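Read through the structure below, which is laid out as structure tokens, and then see the notes.
The values are calculated or read from the model by the stated rules, or taken from the named source; none is laboratory data. For clarity, every value in this text was computed on a predicted model and none was experimentally measured. So basically every Cβ, Gly included, is an ideal-geometry build from the backbone, and we count neighbours across all protein chains shown.
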Amino acid sequence: MTPVPEAEAFYVREAADRFSPTVSTRGPWDANSQHAGPPAALLALAVDERPGARPDMRITRLTYEITRPVPIRPLTVTTRVLRAGRSVELVEAVIAPDGGPEVMRATALLMKTVPGSVPEVSPGRRVPGPEAAPAKAFFPVPWDQGYHTAMEVRFAAGSFLEAGPATAWMRMRVPLVAGEEIKPLSRVLTAADSGNGVSAALDFHRYVFVNADLTVSLHRHPEGEWVCLDARTMVDGAGIGLAESALHDEKGPLGRGTQSLYVAARG
């Protein structure tokens, strides 16, 4: 395994745009690669923190392209505005490791907010809350520390060890960045990339089902520490799948997350 710092956070900020990942970012499949949840949250944080960011604009949709596994190495995050308007903005954020090509890219759609200007409408069913959901074992991981220990997971339906749809509540046990308050959007994005793992339709011992992207659309701002993924996965026999997660917090529905999956037999 690549030596990485141990810290009570996913990242340590070395500069405004440079971050060192800790063992908490390590994914379950490769000892030298991060789970995509923490870098997804890091890209959104960079969009919010960019110079000239307007306080009345809110991220409503993020589309991520995961071009390569995100290594557990120091990362630099850069942003650029693709479109600036009075009511809508489009911002791009990119992660690249030291001395390497970009590994993950996000395109963020932001919209102007005016609190109380329209009636609130939030359709969709509520799911059982985290207080009614028992903790269940993560699937076997060959190392002691990683994303699987940095996240608390409770299942209202299904589990990691059962194939099929599942409803999982997730909560960060550590901050995204050491010494910094966790932003509500970071809580959603750190969890959202787990939809395909939560709702795995095939035996992970026999098949790989890797997502090459992630899209998260939110109709309101998240609240509280817990994020729920009411997830299901569909697979075509040609080897392409789709994982879809209805996103909730304890107040109710938040939005949707989708992942395009490459599916193949192991070996």
Listed residues 191, 243, 231, 168; which is in contact with a Gly (Cβ under 8 Å, 6 or more places away or on another chain), in a helix (DSSP H, G or I) and either surrounded by 19 or more Cβ atoms within 10 Å (Cβ to Cβ) or not aliphatic (A, V, I, L, M) (or both)?
-> 191
Picking from 142, 119, 128, 134, the residue that is over 19 Å from the mean Cα position of the chain (by Cα) and without any contact (Cβ under 8 Å) to a residue 12 or more places away in the chain would be 119
Filter result for residue 225 (outside any strand (DSSP E or B) and at pLDDT 95 or above) = yes
Counting just the residues of the range 30-48 that are farther than 18 Å from residue 187 by Cβ and in contact (Cβ under 8 Å) with a residue 40 or more places away in the chain, which one comes out surrounded by the most Cβ atoms within 10 Å (Cβ to Cβ)?
-> 31
